[in-house]
Amino acid sequence: MTHLKLPLLAMAFGIACLLSGCKTAPTSDSSTTTSTSAPASAQPAGDVIGTPGKNSKFTQLQLGMGMKEVTDLIGMPTDEGAYVTGKAFIPFYFGGDRYRHELVYKGQGRLVFAGGSVGNLGPGRLIRITHNENEPGYR
């Protein structure tokens, strides 16, 4: 009889732990207000640095644009290059932002694209616009 009590006692303890966990879980507060703006995930993440100069082509750009779309819109860069990020060295990391691609435009500034997820080796999306009228145009 004693050998049957031990599994029952363990099961009762497990159920008690589960129930106590449910009691302490945070609940939604009905007094909070909801925002009518779009969620942060709907807006592409990135930075815009500096202010655009006179007649800057960069004013036509928006974060989240593809590289081909950008070059079709404002033309080819003076210089460009690519580099890997630290995420490229994380084992079993399958997300994006494994590398960055930078386009440099003389007298305009620099554009940085993030890309490189598994199964998507495309050039990525625009994540940083750096306005700089004094940009020499070379990396």
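The values are calculated or read from the model by the stated rules, or taken from the named source; none is laboratory data. What you see is a predicted model; the values in this text were computed from it and never measured. Positions of Cβ are backbone-derived with ideal geometry, glycine not excepted, and every protein chain shown enters the neighbour counts. The area values use the complete protein model at the heavy-atom level, side chains included, leaving out ligands, DNA and RNA. Shrake-Rupley method; radii C 1.70, N 1.55, O 1.52, S 1.80 Å.
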Taking every other residue with Cβ under 12 Å from the Cβ of residue 75 and scoring Lys and Arg +1, Asp and Glu -1, one gets +1
As straight-line cross-link partners of residue 68, the qualifying aspartates and glutamates (C-alpha separation under 17 Å, not fewer than 8 residues apart within one chain) are 79, 80, 102
Measure of exposure for residue 49: accessible area at 1.4 Å probe, Å² rounded to 10, is 80 Å²
Between residue 93 and residue 54, the FRET efficiency computed from the C-beta separation at R0 = 30 Å comes out, to the nearest 0.05, as 0.10
For residue 48, the residues 5 or more places away or on another chain with a placed amide H closer than 5 Å to its own amide H are 129
Sorted by chain and then number, the residues having a modelled amide H within less than 5 Å of the amide H of residue 108, at least 5 places away or on another chain, are 135
Between residue 133 and residue 73, the FRET efficiency computed from the C-beta separation at R0 = 30 Å comes out, to the nearest 0.05, as 0.95
